[in-house]
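These notes are about the structure you will find just below.
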Amino acid sequence: MTPTATVSQGADERIRKAGPLITMLRRPEVGAAVAALAIFLFFSLSTQTFLTPAGVSTWLYSSSLFGVMAVAVALLMIGGEFDLSAGAMTGTTGLIVGVITTEWGVNIWLAMVIALVVALAIGAGNGYIVMRTGLPSFIVTLATFFILQGLNLAVTKQITGTVAIQGLSAVPGFDAVKIFFGSSFPFLGMDLKISVVWWVIIVALATWVLLRTKAGNWIFAVGGAVASAREMGVPVLKTKVGLFMVTAGAGWLVGMLQLFDVSTVQATTGIGQEFIYIICAVVGGCLLTGGYGSAFGAALGALIYGMTLQGIVFAQWDNNWLKAFLGGMLLLAVLVNLYVRRQAGVRS
């Protein structure tokens, strides 16, 4: 074989397109899709309630609340960062609206805007501190988590004398806001919560941003290699601060969806759920090292959790099995993602 032939063969090998199977395996959400189908089939066959209209609407509602946050957390993780204050943020924003409307008579729409501004400011502060100091986002947002947790308990009790806000349904304008954040509507025989619609919108919007916009390229770039991204002109500070603000904004949205659904909020609302959001994102294909993942995968991770959470109840199992399942699901997802990337030739 001549040298020319050898070079040509090597060139052909380099430019050869990957087969359909390899292309599919490179998608971060493939493992979550298989797991979601398996869990759906398992509980559909093992329980009588899971596939009823009431059962489906129940686990879709549960999945939607986790899904909105999981998508935002996934975007942040793709950008190479974590936010451990995401769970506490849902409670903080709900408490702000509850306190200033029931105790001080602030207009309910204005109260929601104030809560959103506070959330975005906290998110921006987290991102700015992380970028300017170089401290791990894990540490910075862990500190924010404890600050919010303490303020939620102490300030609420100081103002109201209790650690819960009730009676929000009596606030003027509550019913008008409930239409957008706490209502339900008939669909295919089910009574679906409006949060499912918000979930679908958030997933679609996040997927479009990641795959079709310059901002999406920036997110993948800063998560994969910050130094290289900065050298290529990517606005690293702007991108990462923006991602922290998106996570905080999602916390506000979930806080409103919960608040206007049950018309009450406790100071402990959201505490401990931040790890569930991260698990949903990892199960959906996000890497802990950043630079890889998808919004749709995170939504599937939330769907897996929502189906399992309600499926265990429908099957009348001990609810403690849920925690064991979460741990096993996280470990299995990490191992499967590692195996799939190696088989598909995707660099970790």
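The values are calculated or read from the model by the stated rules, or taken from the named source; none is laboratory data. In this text, all values refer to a predicted model and were calculated from it rather than measured experimentally. Glycine gets a Cβ as well: all are built from the backbone with ideal geometry, and neighbour counts include every protein chain shown. Note: areas computed on protein heavy atoms with side chains; ligands, DNA, RNA excluded. Shrake-Rupley method; radii C 1.70, N 1.55, O 1.52, S 1.80 Å.
Picking from 202, 278, which residue would you name as being modelled with pLDDT of 95 or more, of a type in the set (A, V, I, L, M) and closer than 26 Å to residue 62 by Cβ?
That would be 202, the only listed residue that is modelled with pLDDT of 95 or more, of a type in the set (A, V, I, L, M) and closer than 26 Å to residue 62 by Cβ.
One residue is enough: does region 148-168 have a residue meeting the conditions touching a strand residue (DSSP E or B) at 6+ places or on another chain (Cβ under 6 Å), under 25 Å from residue 193 (Cβ atoms), touching a residue at least 40 places away in the same chain (Cβ under 8 Å) and of a type outside the set (A, V, I, L, M)?
no
Cβ-Cβ distance below 6 Å, separation of 6 or more or different chains: which pairs start in region 35-46 with a residue that is over 22 Å from residue 335 (Cα atoms) and end on one that is part of a helix (DSSP H, G or I)?
Correct list of pairs: 43/311.
Here are the criteria: (1) in contact (Cβ under 8 Å) with a residue 60 or more places away in the chain; (2) more than 20 Å from residue 250 (Cβ to Cβ); (3) charged (D, E, K, R). Tell me which single one residue 193 does not satisfy.
Answer for residue 193: the failing condition is (2).
Name the pairs whose Cβ atoms lie under 6 Å apart, with the first residue in region 281-297 and within 15 Å of residue 243 (Cβ to Cβ), the second assigned to a loop (DSSP other than H, G, I, E, B) and at pLDDT 90 or above, and 6 or more positions between them or separate chains?
Pairs that qualify, where the first residue is within 15 Å of residue 243 (Cβ to Cβ) and the partner is assigned to a loop (DSSP other than H, G, I, E, B) and at pLDDT 90 or above, are 290/80.
Tell me which residues, restricted to region 239-252, are under 11 Å from the mean Cα position of the chain (by Cα) and open to solvent by 20 Å² or more (accessible area, probe 1.4 Å).
Across region 239-252, the qualifying residue is only 246.
Has region 121-135 got at least one residue that is part of a helix (DSSP H, G or I), in contact with a Ser or Thr (Cβ under 7 Å, 6 or more places away or on another chain), at pLDDT 95 or above and closer than 24 Å to residue 306 by Cβ?
no
Within region 76-88, is even one residue among the aliphatic types (A, V, I, L, M), under 30 Å from residue 303 (Cβ atoms), open to solvent by less than 20 Å² (accessible area, probe 1.4 Å) and outside any helix (DSSP H, G or I)?
For region 76-88, residues among the aliphatic types (A, V, I, L, M), under 30 Å from residue 303 (Cβ atoms), open to solvent by less than 20 Å² (accessible area, probe 1.4 Å) and outside any helix (DSSP H, G or I): present.
Can you tell me how many residues within region 239-274 are part of a loop (DSSP other than H, G, I, E, B) and at pLDDT 95 or above?
Here the count works out to 0.
Find the residue count for region 275-298, including only residues that are in contact with a Ser or Thr (Cβ under 8 Å, 6 or more places away or on another chain), part of a helix (DSSP H, G or I) and open to solvent by 10 Å² or more (accessible area, probe 1.4 Å).
Summing the residues that are in contact with a Ser or Thr (Cβ under 8 Å, 6 or more places away or on another chain), part of a helix (DSSP H, G or I) and open to solvent by 10 Å² or more (accessible area, probe 1.4 Å) in region 275-298 gives 1.
State whether one or more residues within region 181-200 are surrounded by 23 or more Cβ atoms within 10 Å (Cβ to Cβ) and either part of a loop (DSSP other than H, G, I, E, B) or not basic (Lys, Arg) (or both).
Yes, region 181-200 has at least one match.
Consider region 222-238. How many of its residues are surrounded by fewer than 21 Cβ atoms within 10 Å (Cβ to Cβ), part of a helix (DSSP H, G or I) and either on the phi > 0 side of the Ramachandran plot or of a type outside the set (Lys, Arg) (or both)?
Residues meeting the conditions: 7.
Could you check region 161-180 and list, in sequence order, the residues that are closer than 26 Å to residue 245 by Cβ and open to solvent by 70 Å² or more (accessible area, probe 1.4 Å)?
Selection gives 180 alone.
Only one residue in 155, 118 is assigned to a helix (DSSP H, G or I), over 30 Å from residue 305 (Cα atoms) and open to solvent by 50 Å² or more (accessible area, probe 1.4 Å), so which one is that?
Going through 155, 118 in turn, the sole match is 155.
Kindly indicate whether any position in region 110-129 is more than 30 Å from residue 217 (Cβ to Cβ) and under 20 Å from the mean Cα position of the chain (by Cα).
Looking through region 110-129, at least one residue is more than 30 Å from residue 217 (Cβ to Cβ) and under 20 Å from the mean Cα position of the chain (by Cα).
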